[in-house]
Amino acid sequence: MYARRAAQLLQELSSCEEGQLPPYNGDKFDQVIRECEEHSRQFQSLIRDKDIETKNEDHYGSFIHHLSIIRNKRCLMAYMYKRAEVIQSYRWNVGRVLPREIQDKLNFSEQEYFKDYCGVIDSYMKDLDLDLTVDMVPPKDPYIRVRVLSEIGEVSLGDHAVSLTKDSFHFLRRTDAEPFISQGLMEEFVE
Amino acid sequence: MPGYYDISDILMEDEAVSVAFHVGANGVGLLDPGTETNSVEKGAKIDLPFWLAHELCRRRAVSITIPSCFGQKMKKDVQADAACVDLGTRYPYFYEFGCKLFPLVGDKSIGLFLRHTFANRYKEMLSKSHTASLNAIPKFVLRLSKEEYQLFEAARSSMVEFKKWRVRDLGLMKTTIVGHKRKTDLH
């Protein structure tokens, strides 16, 4: 009671590293909501048939219950908000498809939120005709060396065609190579 | 100013303070472990979380006693050696808590005390943060409060970035050194 459990939820969240999430603690979340309902019941019983203006003991008791509900609400909102922020960052740092370990930590509505967020970003990038998620760090060199991992075949890049056979090395422009690298068909060759 | 969603602000307000009630309050017996009825008596002394004490104090229902972290013993410790005081384990929210508590309690000296403590600890923290490497965590870091730790991390990471910048590969073309053709003086 009195927002102690809600504070524990937030402790759990803040003890994780930056950019990581603990698994969604649905049990504790529901317990906090039940506590709010209990505070509300007590509040109603203290307020009933009383004159609102007189500042007697019932008034202060009901005020404490009211403050507890407001406090629980703030804790739960902050919990959801922080998790939503981290989920948004996953789209930029991890990509469109989340690995299994991350997906297990999200509850159903958070997974839906991630899908909707990806959809919004994609439609925005389509309108701009620009992929915002490549080159998050400005590259030193417009060209990179790549090694082809699986057979792609003939691809026309710009004004010349390149034959991308398996295990061949090429020196390509970074923007041409990036879609193949993100699909796993090529890798950057670092000496 | 910390926002509504700021988690460290919310956790800071969970710190317990000792209050004395000026009024009674019904229906909240759980706050006072010593009570038999479901209410708190006028004049009772209880520990409340700061968020609750803060609101009640504003409406003059309770008065807050100054917690031990700003008491005489602490002042003596800081006088002796400010940098050795262990804020990290005992009072991680020392400064934020003091700033919020200060207007509610009638003690004007808390503000000066906070500034004095911070100024004395800052010197050592500055020198340690510039020499610390990224991987090793000096023991002294465990003694810092949350706010001091953020400053420490900022200084440490900016120092590391500076060192990286100094030895960076500029990617300039290296010219061959054109040697001076020496005319040997034969006579």
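When the criteria are applied in full, A:Tyr124 fails the requirement of being within 14 Å of chain B (Cβ to nearest Cβ), more than 30 Å from A:Phe29 (Cα to Cα) and either aliphatic (A, V, I, L, M) or free of Cβ contacts under 8 Å to residues at least 40 places away in the same chain (or both). I'd like the residue in the stretch B:17-26 that is within 11 Å of chain A (Cβ to nearest Cβ) and of a type outside the set (Gly, Ala, Ser) and, out of all such residues, is nearest to B:Phe97 (Cα to Cα). So, considering only residues that are within 11 Å of chain A (Cβ to nearest Cβ) and of a type outside the set (Gly, Ala, Ser), the one nearest to B:Phe97 (Cα to Cα) is B:Phe21.
Given (1) under 28 Å from B:Phe140 (Cβ atoms); (2) within 11 Å of another protein chain (Cβ to nearest Cβ); (3) buried (at least 19 other Cβ atoms within 10 Å of the Cβ); (4) in contact with a Leu (Cβ under 7 Å, 6 or more places away or on another chain), where does B:Met12 come up short, assuming only one miss? Of the numbered conditions (1) under 28 Å from B:Phe140 (Cβ atoms); (2) within 11 Å of another protein chain (Cβ to nearest Cβ); (3) buried (at least 19 other Cβ atoms within 10 Å of the Cβ); (4) in contact with a Leu (Cβ under 7 Å, 6 or more places away or on another chain), the odd one out for B:Met12 is (4). If you go through the stretch A:1-58 and keep only what is among the charged types (D, E, K, R), within 11 Å of chain B (Cβ to nearest Cβ) and farther than 23 Å from A:Tyr79 by Cβ, you end up with A:Arg41, A:Lys50, A:Lys55, A:Glu57, A:Asp58.
Would you check if there is a residue in the stretch A:72-86 being more than 11 Å from chain B (Cβ to nearest Cβ) and without any contact (Cβ under 8 Å) to a residue 40 or more places away in the chain? There is no residue in the stretch A:72-86 that is more than 11 Å from chain B (Cβ to nearest Cβ) and without any contact (Cβ under 8 Å) to a residue 40 or more places away in the chain.
Listed here are the residues, each with its yes/no results for (1) of a type in the set (D, E, K, R); (2) part of a loop (DSSP other than H, G, I, E, B).
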site	(1), (2)
A:Gln20	no, yes
A:Arg41	yes, no
A:Ile64	no, no
A:Ile70	no, no
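Number of residues in the stretch B:51-92 that are within 14 Å of chain A (Cβ to nearest Cβ), touching a Ser or Thr at 6+ places or on another chain (Cβ under 8 Å) and in a helix (DSSP H, G or I) equals 2. Residue count for the stretch B:27-50 under the criterion of being in a helix (DSSP H, G or I) and within 25 Å of the chain's Cα centre (by Cα): the result is 1.
Select from the stretch B:43-100 the residues that are farther than 24 Å from B:Thr117 by Cβ and of a type in the set (Gly, Ala, Ser) and write down the one among them that is surrounded by the fewest Cβ atoms within 10 Å (Cβ to Cβ). Restricting to residues being farther than 24 Å from B:Thr117 by Cβ and of a type in the set (Gly, Ala, Ser), the top hit is B:Gly43. Scanning the stretch A:82-104 for residues being within 10 Å of the chain's Cα centre (by Cα), at pLDDT below 90, farther than 15 Å from A:Glu17 by Cα and surrounded by 12 or more Cβ atoms within 10 Å (Cβ to Cβ) gives a total of 1. The set of residues in the stretch B:106-126 being under 17 Å from B:Ile66 (Cβ atoms) and surrounded by 14 or more Cβ atoms within 10 Å (Cβ to Cβ) consists of B:Ile110, B:Phe113, B:Leu114, B:His116, B:Thr117. With the condition kept exactly as written, say whether any residue in the stretch B:27-47 is more than 10 Å from chain A (Cβ to nearest Cβ), farther than 16 Å from A:Asn72 by Cα and either touching a residue at least 60 places away in the same chain (Cβ under 8 Å) or of a type in the set (Ser, Thr, Tyr) (or both). The answer is yes; a qualifying residue exists. Taking the stretch A:120-152 as the range and being under 22 Å from A:Val94 (Cβ atoms), polar (S, T, N, Q) and exposed (fewer than 14 other Cβ atoms within 10 Å of the Cβ) as the test, only A:Ser123 passes. Inside the stretch B:93-116, residues that are within 22 Å of B:Asp14 (Cβ to Cβ), out of contact with any Asp or Glu (no Cβ under 7 Å at 6 or more places or on another chain) and either outside any helix (DSSP H, G or I) or touching a residue at least 24 places away in the same chain (Cβ under 8 Å) (or both) make up a count of 9. Only one of the numbered conditions (1) out of contact with any His (no Cβ under 9 Å at 6 or more places or on another chain); (2) acidic (Asp, Glu); (3) within 20 Å of B:Glu147 (Cα to Cα) is violated by B:Glu13, and that is (1).
crowded, with 16+ Cβ neighbours inside 10 Å and modelled with pLDDT under 85: does that describe B:Ser129? Yes, satisfied.
The values are calculated or read from the model by the stated rules, or taken from the named source; none is laboratory data. Fair warning: this is a prediction, and the values are worked out from it, not measured in the lab. Using ideal geometry, Cβ is built from the backbone for each residue, glycine included, and neighbour counts are taken over all protein chains shown.
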